[in-house]
Amino acid sequence: MAAILAALLMAAQRASTDHERAAGPFADAIRAAQQRVVKLYGGGIGMEQGYGSGVIVSADGGIVTTISVLLESPSLRVVLWDGRKLEARVTARDEARQLAEIQVDARDLPYFEPGRSDHLQPGDWLIFAANVFKVAEGDEPVTAMVGVLSGRATLEARRRAQDFVYEGPVLLADVIVATPGSAGGALLDADGRLVGVVGKAVISKRTNTWVNYALPVEEVAAFLRREATPALNRVAGAEPSASGIASERTVEVAWGLRLFDVGGVVRPAFVERVRVDSAAARAGLWPGDLIVSMNGQALATCGDVRAALAKLKAGQRATLVVKRREELVTLEMAPEAGPQ
Amino acid sequence: MRHGRGLAISGVVAAAHALALCAAGGEMDEVDRLIAGPTLRAVRTDEARRIAVLEKAARAVVCIFPDRERSSGGSGVLISADGYGLTNFHVAGGFVETRRGYGGLSDGRLYPLRLVGVDPGGDVALFKLEGQDRAEAGPAAFDFAPLGDSDALEVGQWVAVLGNPFTLAEDYTPTVTLGVISGLHRYQEGQGNLLEYADCIQVSTSINPGNSGGPLFDLEGRVIGINGRASFAEERGRVNVGLGYAVSINQIKRFLPGLRAGRLCSHGTLGIMVRRVGPSLIIGAIQGLSPAERAGLQLGDELLEVAGRPLRTPNQYNNLLATLPANWPVRVKVRRPPPLDGAGHPGREIDAVARLEPLPLRTPLVYTVDLEHNHAQIAWLLDEFEQRNSMRVSDRLSAGRGALTWSGQARDDAAAARPFWVTVTPPFDVTGGAAAGVRAGGLPEVIAREWAGLSVPLVSRPAIGLGWEMLDGDEVAGEVVYVVERRLSDGQRVRWKFGLTTAVLRQVTFSQGDEAEAIVWTPGEIATWGELRWPQTWLRRDRAGAELSLEIAAYVAEPPAEPSRERRKP
Amino acid sequence: MNLRAKFAARAIALLSCTWTALRGPAQDAEPARTADLQRQQQQVFRAALRRVAPCVVRIETIGGAQPVRAVGEGDERVAAGFRQADGPTTGVIWSADGLIVSSSFNFIRDPAIITVALGDGRRFVGKLVARDQAARLALVKVEAADLPVPQWLPTPELRPGQWALAAGFGHGSDEPAVSVGVVSALGRMSGLAVQTDAKISPANYGGPLFDIEGRVIGVCVPMGPGEDEIAGVEWYDSGIGFAVPHEHLARRVPRLMQGRDLRRGLLGVMLDLRDPVQGGGEDERPGPVAGVTIVEITPGPAAAGGLQPGDILTHIDGLPTPRPLDFRRAMAQRFAGDAIEAMYHRAGETRTAKLTLSSADEIRALAPTSQPAP
């Protein structure tokens, strides 16, 4: 009897919520987000904004945000969801990930548990919450938007004239997050769990457009654990020069090939010659081949090929795809003897 | 057992469902199909419902152009079958002098568009589409959209924007974009005195130049706002980046009566400045002779509630005030700090009602009322009142010997006209107050005269000419009302107030010269008298605050036995 | 209650909930619980992307000239560089034997080398067959057999408000990235395009716009005010995006297969672009003749065919053109070099003229020079 009642009760409950149409479907997740995202204010410089966002990661006032001129401000302050204004100080910086941790004096704050983002698939709902355009003041709730996970990629971007430092994995978001104030904002899944922190607004080198991305929460967690990012672990034969890239021909010499570089803006990577008994020769590379991609990444110019070779870690193979006449040929290039 | 088998099947399906949810990537076609059945159906059903709602909504959307070249334009939405619609003032600004523009509908046709009323402070304007085929019998019948309730919105709720961004609608079918509500009660600073958006709705739906003036819909197809602004990123120019703003429909509703009357509507001010002192909101400055002062508020009072909304910050106060029209009645609850010598006493709470005074525009705009149109609206409103309240004009009004008699035709749903006579005879049931001159068993001449006056448009269709005008709207008992005024040659002014959506009579007031509404008649419950629906009780409050209630004691279905002295219609 | 009964109670509760949930949508018009609906939507989006992915190809282009765009007028006309990005682009498989439809935006550089990669790992060298100027399409051919072709959604079934997803490889991942929006309008851009608020950008130009069952609606392209190759790119990610729907692809791809670029066909006329006003003033109302009035004629096909200013065009190849929009829609389906029959009205008479459409270059070449004859 009690069992039937229990069943009926559950069915009745379901029926009543079936009729509840007024509540927004993402209301719970948004509420959770708005309490755990803070508004950041400081001084701006020139075109750089004087405001941004941050996510609370610990109950005693630890907040993660992006590295920006805001952090240099002596009057860096945080405004919580309830309007409390607190002074903040920077406690950690991660140049490779362009993340920073700041601290405020508070207790028992609602915060985001470190979680995962790898359960997400393209098409899954995402909720974005941040202090966009500083529309919300004081205790007004931060802006919330809804979109889907677009995909995942490795970021290759620039900001103004410079290459953007972070070149690691990112979540691509189908919601505009490349806007003033959004950096440091939160991306959540439909259940309200933090899956990413929005990074500084940058332009993708691949599409030449402002790219909507966030650092996956795994990277944030690694930062909080103070783990170095693999992106900076460049171990290869060629020493990075002061400008950070391998000098013109050294890397080619190391692998035993020479590219036919005519100079100018567009320089497809045709192979001019191959040194006998070199790694390139053993891989089967021929003069006249056009190197099209390496390890799945398309390479359009000689510069791209050199940079890609320089990035290879010690002992790493290179799977090359080359165009030979009208065919595409795949070659495996292994650094058996190691680059000299 | 069927029931048992049903449960068993559920069990199997549930298990498979669970299995599917656990599977990670890889070849999932089999499981895809298993999930796809009811899952896909549920998503398709929801999608189909949205398509149907938006298709209907699209028929009410107008592509507005200042000229026939149509190189630039905005959007609008029809809100009544006779062609009235809402847009932004800054869209109508292109033709505010000529008051003539063009509106394209999703039937592919362009119609003449006339600017009716404007609210520059709120960036709202009301227009009327014309040009429906005159050969068809009956009045114009445009598709229109119902109005929603913007106070019931939630952040994260799906909304749709329909309009004509970048004038892409070559055939006037609106562009549809979908998003969610990103924020409520937002504030966007104005430029000059225009485009200040207070208490506005922030949305993530794509809003671009050309969407201005168009509707924000909930997914039931109700208009919950008028889109007019967006935040743009400098690097991308004037292109949507996910932040759009709409004027809330609840704000617009307060201005609708004045807009429909064809007026330039002003927003209101209490004449105070507020300041945050600790956790309290304090009146920091108060203008002499301001509505706040006249209502009895003082410097230093702590604001607790305004118009029923508890307030904590100056922003909230400014947000709320900016949505209210001039002359609006506003209830203000304050806590008066105790006098300096009243140590330990908590302040006392004071409840006051103030009428906002007009907030002048920084750049004044001259906008004359088209009286012909204004009078046509009075006639329209009286028609609405008649239809909703089963009344029909009569042609005889007589009074004498303390009795009021009027006769007419009551029209019920069966549309059969039946004559009636209502004689309101003494003794009236007089309760309450100490109104001078009320004699038990008698109806003082002044009250009889007032009642004859207030009955005028309700009982006989007057010639609406000199002295008549539809004014800005008002609020009675929480309801937005139309206000129709008649100025008599002796300086007396009578005002009738009809509900915005119901056309029910809510109040009639009398005043003399410049004084504020002095004598207020409020009808009570409507009773049915044969085929007649008429308030049975009336409450009259006079200048001194004394109240008098009247109750109709008799309804007679036959002509009165004695011929009454006929009096000319006032 | 003993343990067994408790367990039974819970089991019954769980099963009855599942039963209710599964029966819900099929049974009646009651809307599903919103939390469930969200989850169901996600599952459907994922599945739709998986379904369409095999037919979406990744295109890499190498070499070619950097496109430049002319800015300024007369003596101040200069070439301003346009830096096109380096990432991969996208295409949709049209035929099993290797025809790929993409956007002409991806081929502005006239690349020397084109490679096409499928989701199953197969890679091919591609050849650019031809480009469609008005519809912003490019047709690429690879030598293959048994390529997976998508299921196409018939264009007449499209409805504004229905889910529309876009996918593309522009961001460089192995899997296409997806954007979710709705169909915003049909028949935009002189009838050539479906409009969507999914985020369309170089990340998915050339990729598919598809529905929640993975049926392809059309191919995403940039479109916007202006006639040059990059018109409309400035609207990327703005919620204003376009795709050329299947019904137009079906007509244009076979013509592109012939190997010549398709250019807009022009008559050399300037028309009165104002629509009649329903119930408007005397000079605004629809006139007795339903057509578009010629306001000016420049040297070109119309002039050669004897048309004059004041003539009212009523039909193009039998298609009525009561409004300027109808004229534009008819012309959008025709190309430079096509022969058409124009019906027009002059002084109460109906006449016809057979005309051959010119391209914009040809019309410019015919234009009189600015120097007066001596």
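With A:Val211, A:Val198 as the choices, which residue is buried (at least 24 other Cβ atoms within 10 Å of the Cβ) and within 11 Å of another protein chain (Cβ to nearest Cβ)? Going through A:Val211, A:Val198 in turn, the sole match is A:Val211. When each of B:Ala477, B:Ala527 is tested for being surrounded by fewer than 17 Cβ atoms within 10 Å (Cβ to Cβ), within 22 Å of the chain's Cα centre (by Cα), outside the structural domain of B:Thr323 (by TED's automatic domain parsing) and more than 21 Å from B:Trp380 (Cβ to Cβ), the lone residue that passes is B:Ala477.
Among the residues of segment A:135-156, those that are farther than 19 Å from B:Tyr245 by Cα and within 20 Å of the chain's Cα centre (by Cα) comprise A:Val148, A:Leu149, A:Ser150, A:Gly151, A:Arg152, A:Ala153, A:Thr154, A:Leu155, A:Glu156.
The condition of being touching a residue at least 12 places away in the same chain (Cβ under 8 Å), in a loop (DSSP other than H, G, I, E, B) and surrounded by 19 or more Cβ atoms within 10 Å (Cβ to Cβ) holds for only one of C:Leu325, C:Leu313, C:Leu307, that being C:Leu307. Within segment A:150-169, the residues that satisfy the criterion of being in contact with a Gly (Cβ under 7 Å, 6 or more places away or on another chain) and within 19 Å of C:Ser179 (Cβ to Cβ) are A:Ala153, A:Leu155. C:Met223 satisfies every condition listed in (1) of a type outside the set (Asp, Glu); (2) in contact with a Phe, Trp or Tyr (Cβ under 9 Å, 6 or more places away or on another chain); (3) within 14 Å of chain B (Cβ to nearest Cβ); (4) free of Cβ contacts under 8 Å to residues at least 60 places away in the same chain except (4).
Filtering segment A:24-73 to residues that are farther than 21 Å from A:Pro141 by Cα and free of Cβ contacts under 8 Å to residues at least 24 places away in the same chain leaves A:Gly46, A:Met47, A:Glu48. Of all the residues in segment C:221-231, those that are in a loop (DSSP other than H, G, I, E, B) and in contact with a helix residue (DSSP H, G or I) (Cβ under 9 Å, 6 or more places away or on another chain) number 7.
Consider segment B:83-124 and keep the residues that are in a loop (DSSP other than H, G, I, E, B) and away from every other protein chain (no Cβ under 14 Å). The one that is surrounded by the fewest Cβ atoms within 10 Å (Cβ to Cβ) is B:Glu97. Look at segment B:31-58: where a residue is more than 7 Å from every other protein chain (Cβ to nearest Cβ) and a partner is modelled with pLDDT of 95 or more and surrounded by fewer than 18 Cβ atoms within 10 Å (Cβ to Cβ), sitting 6+ places away or on another chain with Cβ atoms under 7 Å, you get B:Val53/B:Glu220. For segment C:125-138, the criterion of being out of contact with any helix residue (DSSP H, G or I) (no Cβ under 9 Å at 6 or more places or on another chain) and farther than 26 Å from C:Ser359 by Cα is met by at least one residue. Across segment B:151-177, the qualifying residues are those that are in contact (Cβ under 8 Å) with a residue 40 or more places away in the chain and closer than 26 Å to A:Leu188 by Cβ, and the one among them that is nearest to the other protein chains (Cβ to nearest Cβ) is B:Gln157.
Would you mention how many residues in segment A:107-118 are in contact with an Asp or Glu (Cβ under 8 Å, 6 or more places away or on another chain), surrounded by fewer than 16 Cβ atoms within 10 Å (Cβ to Cβ) and not charged (D, E, K, R)? Looking only at that region, the number is 0.
On the basis of being touching a residue at least 24 places away in the same chain (Cβ under 8 Å) and not assigned by TED's automatic domain parsing to the domain that holds B:Thr323, does B:Gly93 make the cut? Considered against the rule, which asks whether it is touching a residue at least 24 places away in the same chain (Cβ under 8 Å) and not assigned by TED's automatic domain parsing to the domain that holds B:Thr323, B:Gly93 comes out as no.
Which members of segment B:59-69 meet the condition of being outside any strand (DSSP E or B) and more than 7 Å from chain C (Cβ to nearest Cβ)? First the steps, then the outcome.
The first filter runs over segment B:59-69 and keeps only residues outside any strand (DSSP E or B), leaving B:59-60, B:66-69.
Listed by number, the residues that qualify are B:Arg59, B:Ala60, B:Pro66, B:Asp67.
Filtering A:Arg116, A:Arg97, A:Arg93 for residues that are part of a loop (DSSP other than H, G, I, E, B), charged (D, E, K, R) and more than 16 Å from A:Val198 (Cβ to Cβ) leaves a single hit, A:Arg116. Take the conditions (1) of a type outside the set (D, E, K, R); (2) out of contact with any Leu (no Cβ under 6 Å at 6 or more places or on another chain); (3) not in a helix (DSSP H, G or I); B:Asn250 misses just one of them, which is (3).
Only strands (runs of 3 or more DSSP E) whose full extent lies in segment A:157-233 are considered here, and the ones with at least 3 residues that are modelled with pLDDT under 95 are A:157-159. Can you spot a residue in segment C:357-367 that is under 28 Å from the mean Cα position of the chain (by Cα), crowded, with 19+ Cβ neighbours inside 10 Å and among the small types (Gly, Ala, Ser)? Yes, that holds for at least one residue. Is segment A:140-151 home to any residue that is free of Cβ contacts under 8 Å to residues at least 60 places away in the same chain, touching a Ser or Thr at 6+ places or on another chain (Cβ under 9 Å) and among the charged types (D, E, K, R)? Looking through segment A:140-151, at least one residue is free of Cβ contacts under 8 Å to residues at least 60 places away in the same chain, touching a Ser or Thr at 6+ places or on another chain (Cβ under 9 Å) and among the charged types (D, E, K, R). Return the residues of segment A:80-101 that are on the phi < 0 side of the Ramachandran plot, touching a residue at least 60 places away in the same chain (Cβ under 8 Å) and crowded, with 17+ Cβ neighbours inside 10 Å; say none if nothing qualifies. Passing the criteria: A:Trp81, A:Asp94, A:Ala96, A:Arg97, A:Leu99, A:Glu101.
Condition check for C:Thr155 on (1) more than 10 Å from every other protein chain (Cβ to nearest Cβ); (2) β-branched (Val, Ile, Thr); (3) under 30 Å from B:Glu55 (Cβ atoms); (4) surrounded by 20 or more Cβ atoms within 10 Å (Cβ to Cβ): one failure, at (4). Residue-level check: of (1) within 13 Å of chain B (Cβ to nearest Cβ); (2) over 30 Å from B:Leu129 (Cα atoms); (3) not aliphatic (A, V, I, L, M), C:Pro309 misses just (1). The set of residues in segment A:81-98 that are under 30 Å from A:Val148 (Cβ atoms) and touching a strand residue (DSSP E or B) at 6+ places or on another chain (Cβ under 6 Å) contains only A:Gln98.
Going by the conditions given, is A:Arg107 at pLDDT 90 or above and over 27 Å from the mean Cα position of the chain (by Cα)?
Answer is yes for this residue.
The strands (runs of 3 or more DSSP E) found entirely in segment C:77-177 that carry 1 or more residues being of a type in the set (S, T, N, Q) and over 22 Å from A:Cys302 (Cα atoms) are C:89-93, C:99-103. Yes or no: B:Ala141 in contact (Cβ under 8 Å) with a residue 60 or more places away in the chain, on the phi < 0 side of the Ramachandran plot, small (Gly, Ala, Ser) and not assigned by TED's automatic domain parsing to the domain that holds B:Val239? In short, yes.
The values are calculated or read from the model by the stated rules, or taken from the named source; none is laboratory data. These numbers come from a predicted model, not from an experiment. So basically every Cβ, Gly included, is an ideal-geometry build from the backbone, and we count neighbours across all protein chains shown.
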